[in-house]
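One structure below.
The values are calculated or read from the model by the stated rules, or taken from the named source; none is laboratory data. Computed from a predicted structure; not experimentally measured. Here the Cβ positions follow ideal geometry from the backbone for every residue, glycine too, while neighbour counts run over all protein chains shown.
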Amino acid sequence: MPIETVELTHVYMTGTPRAVTALDRVTLAIGDGEAVGIVGPTGSGKSTLVQHFNGLLRPTQGRVLVDGVDLWARDAKERRAHQAFLREVRRKVGLIFQFPEQQLFEETVFDDVAFGPRNLGLGEAEVAQRVREALRAVGLEEADGPGLERRSPFSLSGGQMRRVAIAGVLAMRPQTLILDEPTAGLDPRGRLGLIEALVRLRRERGLTLVVVSHNMEDLVRLVDRVVVLERGRVVLDGPTREVFAQGRVLRSLGLDVPPVVALLEGLAARGADVRTDLLRPEEAADEIASWLRRREEGIAGVR
Amino acid sequence: MGDRDVLIVVKGLGYRYAAGTPDEVVALEGVDLVIRRGEFLAVIGPNGSGKSTLARHLNGLLLPTEGSVTVEGLDTRDPAHLWTIRQTVGMVFQNPDNQIVATVVEEDVAFGLENLAVPTAEMRRRVEEALALVGMTGWRRHAPHLLSGGQKQRVAIAGALALRPRCLVLDEATAMLDPRGRAEVLATVRRLNRAEGLTVVLITHFMEEAVEADRVLVMDKGRVVLDGRPAEVFRHAGLLRDIGLDVPPAVEVARLLEVRGHPVPPEVLTVQELVEHLCPSRP
Amino acid sequence: MFADITIGQYLSGNSVVHRLDPRTKITIVGIYMVVLFTAVSAPAYGVLVAFALLAVALAQVPVRMLARGLRPVLFLLLLTFFLQLFLTKGRVLFALGPLVATWEGLRLGVFMILRLLLLLVMASLLTLTTSPVALTDGLEAILKPFRVVGLPAHELAMMMTIALRFIPTLMEEADKVMKAQMARGADFQSGGLLRRARSLIPLLVPLFVSAFRRADELATAMEARCYRGGYQRTRYSPLRAGPLDWAAAALTVVTALSVLALRWWPR
């Protein structure tokens, strides 16, 4: 489901002496089925940006188009109609905040995941089906046995609670899924499990994916394209490989460089003849091994 | 390396939640550990391995159901010693917000000193000292909610340092921070360990942090599974992966290179070291 | 962007009133309010009004800020005045159809609104010139003697400080939870009163749960720093009363005595 912003500007507390420009004329287009990562130092506007995609925030200037429709073209006059319109947008564009487990509130896992579908006015049979489907999609059903649905969400582990929260959004059957730091605070096993579930989900449902993250390794697995923000402006925008290979720019923004890139760049800086735009450890090992072989055979040169 | 070096002794430590009931959970079992002054110990393990539970025994927040924990010879189970032990072993927790009590940074750093009835003049001196040690002197009059995660954790560290502990335990203190915050906290802790000789126990699930320690303890299901220098511990890549942990990225590439016929010594743990090994700088 | 919320409309400054010890200010306002209710004559009110005007002038608080605090009660003030004007029996002032205004009614009406106004002005001055932290410290100090009768002064003050510390944090969290639930189709705006109240459950439950978790973690962190209640604690910023405070206290006592004298001195 395509999302587009045109000269999007957002100023918090506009008109007061403490006004802060969080986004400055951001023009961006996310195509249907794309998987895009949003990266940037804290305060660069990442969270502000994605909250425009489902109408939670309103632009101070500029436009936001979802599926070709300007979210704010209608206005306050038809308030109720506009509210209904926005609710529909939020169904289609699902947003999962950082530490989403903080939003759990129902007495049972089932009821919490059902909150979204029930808000859509669906019948109980349909709701039940969606709840099961969503729990399965986040990998909760099989691993944790029957009876999970009846348990209180607060009796689950942190990682499980997070999955329940994500299922709650998935149950709305969004066409686009936005995730803000999905693996923050998880241990390595939890992280891997969640990333794998997301990769599978995208493949199975053909979702458009937008992921805000500091974790380079997660992004390597999840997205094909990366947009780098700094102080409300787009600084880089391109395929994952190309963007992450720009170690110098990323470092100057105070961002991490994927360790594999740092390794290859370190070697290249010492004259090794290696590519620096590889992201996975296996690829790096292959590249380094082949260079080492060439060096041993006396063919590899200094750049 | 005599007994004067020994700071904390953990002997046969066991801990059960809800002991004796059908809901009983064995969180720790048979843990033996000696922590020496000036050591930098990292404790890693998957969720549920007992690392946080172990941390909370070091300052008597939890008391053993089996075995014992002594800090500078004082047993944590003796209520008379509890306050001395908590001055010796300071602790910083995971959630940056849920440790800060006061509405102004310097007041919060003073909190522990107020609890110990330290006179006001002495308090001011110690608060200044603590803030300087963590590099937060410029924020002393700020309200805590205006600080970043990394800054809040540094304030929490200062709050612990004000009591002049011999040992600082960080219970997943970087888990909720962004990379910059994590780097700030680690740099602070590293400096305190090297320059001030502070003993550090770092509970973490970031392998890159464990790599910097003098010693790594790996825990799984309440037991200590590995205990040694980082180079020794991270050799056991298979075991680590089995219990659900990562290896540091440089170590992963190093293992892959070995498989492709290019051996790498186990001391190589970081990207820098790997670069140096593959492309030695000219002598 | 709740990062900058200031609670209790405290305006920092360096006026004479700002520099007073909070205990002094709380005591002054307390005495003033008690004495205010004993005033029944024009000269008594005159003294009280003069005192209030002096306080406002010394506090260097923009009158606009004070006026803003009075706006919500404007309706109540006018209502009170008109009720007194028309419902008090006495010599007729003028008549408006069936409604008869009297001189006595006018007098009582003016006194009533004066009383309300003065009350509000003094209370506003207190919160405008004293930071919430200072207020808490002041209250704790004043309540401390009542510990002998079992009042947990320290614990109450600690509760207030922690509450103040967490207000901005909780507001941010509330904002976030609200948005998360809206992203799931929650509607906080439409429907009648009952429906809107029920729609708050997905907002309130997570906040409550989170508040309890915070409390638990905070208590553990406090214990780790040797907190054991209020017994024998020292203070990082002890309150110190100076000559300014004694002067203000003296002035207040004189004012109070004058008002009381005006009431009960035989004429």
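Name the residues in segment A:243-266 that are of a type in the set (Asp, Glu) and within 19 Å of the chain's Cα centre (by Cα), would you?
Across segment A:243-266, the qualifying residue is only A:Asp256.
Among what's in segment B:104-123 and is more than 7 Å from chain C (Cβ to nearest Cβ) and free of Cβ contacts under 8 Å to residues at least 12 places away in the same chain, pick the residue that is surrounded by the fewest Cβ atoms within 10 Å (Cβ to Cβ).
In this case the residue turns out to be B:Ala121.
Residue pairs, Cβ under 8 Å, 6 or more apart or interchain, first in segment C:125-143 and farther than 18 Å from C:Pro238 by Cβ, second at pLDDT 90 or above and of a type in the set (D, E, K, R). List them.
C:Leu126/C:Lys25; C:Thr129/C:Lys25
Of all residues in segment B:212-226, which are surrounded by 21 or more Cβ atoms within 10 Å (Cβ to Cβ) and at negative phi?
B:Ala213, B:Val216, B:Leu217, B:Val218, B:Met219, B:Asp220, B:Val224
For segment B:124-149, give me the residue count where each residue is in a helix (DSSP H, G or I), of a type outside the set (S, T, N, Q) and either within 11 Å of chain C (Cβ to nearest Cβ) or free of Cβ contacts under 8 Å to residues at least 40 places away in the same chain (or both).
So the count comes out to 14.
Mind checking which helices (runs of 4 or more DSSP H) fall wholly inside segment A:88-176 and carry at least 2 residues that are among the basic types (Lys, Arg) and more than 10 Å from chain C (Cβ to nearest Cβ)?
A:124-137, A:158-170
Please go through segment C:209-227 and pick out each residue that is within 23 Å of B:Leu62 (Cβ to Cβ) and either of a type in the set (Ser, Thr, Tyr) or within 7 Å of chain B (Cβ to nearest Cβ) (or both).
Passing the criteria: C:Arg214, C:Glu217, C:Leu218, C:Thr220, C:Ala221, C:Met222, C:Glu223, C:Ala224, C:Arg225, C:Cys226, C:Tyr227.
Please note which strands (runs of 3 or more DSSP E) are completely contained in segment A:1-56 and include at least 2 residues that are in contact with a His (Cβ under 9 Å, 6 or more places away or on another chain).
Fully inside segment A:1-56 and qualifying: A:3-12, A:20-30.
What residue, of B:Leu186, B:Leu168, is among the hydrophobic types (A, V, I, L, M, F, W, C), farther than 19 Å from A:Pro259 by Cβ and either in a helix (DSSP H, G or I) or more than 9 Å from every other protein chain (Cβ to nearest Cβ) (or both)?
B:Leu168 is the lone residue from the list that is among the hydrophobic types (A, V, I, L, M, F, W, C), farther than 19 Å from A:Pro259 by Cβ and either in a helix (DSSP H, G or I) or more than 9 Å from every other protein chain (Cβ to nearest Cβ) (or both).
Checking B:Leu177 against (1) within 30 Å of B:Glu129 (Cα to Cα); (2) within 10 Å of another protein chain (Cβ to nearest Cβ); (3) crowded, with 18+ Cβ neighbours inside 10 Å; (4) out of contact with any helix residue (DSSP H, G or I) (no Cβ under 6 Å at 6 or more places or on another chain): exactly one of these is not met. Which one?
Checking B:Leu177 against (1) within 30 Å of B:Glu129 (Cα to Cα); (2) within 10 Å of another protein chain (Cβ to nearest Cβ); (3) crowded, with 18+ Cβ neighbours inside 10 Å; (4) out of contact with any helix residue (DSSP H, G or I) (no Cβ under 6 Å at 6 or more places or on another chain), the one that fails is (4).
Quick check: is even one residue across segment B:78-93 aliphatic (A, V, I, L, M), surrounded by fewer than 24 Cβ atoms within 10 Å (Cβ to Cβ) and not in a helix (DSSP H, G or I)?
No, segment B:78-93 contains no residue that is aliphatic (A, V, I, L, M), surrounded by fewer than 24 Cβ atoms within 10 Å (Cβ to Cβ) and not in a helix (DSSP H, G or I).
Are any residues in segment A:166-185 buried (at least 21 other Cβ atoms within 10 Å of the Cβ) and among the hydrophobic types (A, V, I, L, M, F, W, C), and if so, which ones?
Within segment A:166-185, A:Ile166, A:Ala167, A:Val169, A:Leu170, A:Ala171, A:Met172, A:Leu177, A:Ile178, A:Leu179 meet the criteria.
Per-residue answers, yes or no, for (1) among the acidic types (Asp, Glu); (2) under 30 Å from B:Gly159 (Cβ atoms); (3) within 28 Å of the chain's Cα centre (by Cα); (4) loosely packed, with under 14 Cβ neighbours inside 10 Å:
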residue: C:Pro206; (1), (2), (3), (4): no, yes, no, no
residue: C:Tyr227; (1), (2), (3), (4): no, yes, no, no
residue: C:Leu239; (1), (2), (3), (4): no, yes, yes, no
residue: C:Ala247; (1), (2), (3), (4): no, no, yes, yes
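Determine whether C:Phe37 is surrounded by fewer than 18 Cβ atoms within 10 Å (Cβ to Cβ), within 30 Å of C:Ala141 (Cα to Cα) and aromatic (Phe, Trp, Tyr).
yes
Scan segment C:256-264 and tell me whether some residue there is over 21 Å from B:Gln99 (Cβ atoms), among the β-branched types (Val, Ile, Thr) and modelled with pLDDT under 90.
The answer is yes; a qualifying residue exists.
Within segment A:199-225, work out how many residues are closer than 27 Å to A:Lys92 by Cβ and assigned to a helix (DSSP H, G or I).
The total comes to 11.
Within the set of pairs 6 or more residues apart or between chains, which connect a residue that is within 15 Å of C:Leu118 (Cβ to Cβ) inside segment C:57-82 to a residue that is surrounded by fewer than 16 Cβ atoms within 10 Å (Cβ to Cβ) and among the hydroxyl-bearing types (Ser, Thr, Tyr) with Cβ atoms less than 6 Å apart?
C:Ala59/C:Ser15
Looking at A:Val223, A:Val227, A:Val211, which one is closer than 21 Å to A:Met161 by Cα, away from chain B (no Cβ under 14 Å) and buried (at least 19 other Cβ atoms within 10 Å of the Cβ)?
Matching residue, one of A:Val223, A:Val227, A:Val211: A:Val211.
Mind counting the residues in segment A:226-273 that are in contact with a strand residue (DSSP E or B) (Cβ under 8 Å, 6 or more places away or on another chain), of a type outside the set (A, V, I, L, M) and not in a helix (DSSP H, G or I)?
7
Of a type in the set (Lys, Arg), modelled with pLDDT under 85 and out of contact with any strand residue (DSSP E or B) (no Cβ under 8 Å at 6 or more places or on another chain): does that describe C:Arg19?
Answer is no for this residue.
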